[in-house]
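So the structure is just underneath, and the comments pick up after that.
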Amino acid sequence: MSLRRLGFLSIALLTAATLTACSTEPVEADDPKPSATGTTAPSGAPGGAPDEGGLALADAIRKIPVAEEKRTGYERDSFKHWVDEDDDGCPTRQEVLLAEAVTAPEQGDRCTLSGGSWTSYYDEAEVSDAKKLDIDHMVPLAEAWDSK
């Protein structure tokens, strides 16, 4: 894995950690998050608090390499789309829909799906038409390519 791709992955993970850490919900004093040693978990980047040899989140983010994005060589057709990795007749899209369904869809010939319902992670809306769901990339392929 290239350093730029690793940097891109790090940005995604750190962004998720930052958004989680920025929760506006109050933390109950009698409900500390225990660490492996039974004490309150330290803040900061993995490795513990800065005084324990870890990095503060802001310092960790500053260490992520920044470089110009390059689209040279990108071709969408170079990426396989909805493969049947386990040869069970269901391509990836249907595998994800089956695994994530709140109400399981009916599975027909060649893994065609009908019925079922799903809940959006983003707004908790219920979706009952699988065609309206994007089961794709958390980051578009072209953006991932540019950021490699």
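Structure data summary
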quantity	calculated
All positions within the stretch 59-68 that are open to solvent by less than 90 Å² (accessible area, probe 1.4 Å) and over 21 Å from the mean Cα position of the chain (by Cα)	Asp59, Ala67
Residue, farthest from Asp84 (Cα to Cα), within the stretch 117-148, restricted to residues that are surrounded by 11 or more Cβ atoms within 10 Å (Cβ to Cβ) and of a type in the set (Phe, Trp, Tyr)	Trp145
Subset of the stretch 85-116 that is in contact with a Cys (Cβ under 6 Å, 6 or more places away or on another chain) and in a loop (DSSP other than H, G, I, E, B) - its residue that is most open to solvent (accessible area, probe 1.4 Å)	Gly89
Residue tally, condition part of a strand (DSSP E or B) and out of contact with any Leu (no Cβ under 7 Å at 6 or more places or on another chain), over the stretch 117-148	3
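The values are calculated or read from the model by the stated rules, or taken from the named source; none is laboratory data. These numbers come from a predicted model, not from an experiment. FYI the Cβ positions are ideal-geometry reconstructions off the backbone, even for glycines, and counts take in every protein chain you see. Areas reflect the complete protein model, heavy atoms only, side chains present, ligands, DNA and RNA absent. Shrake-Rupley method; radii C 1.70, N 1.55, O 1.52, S 1.80 Å.
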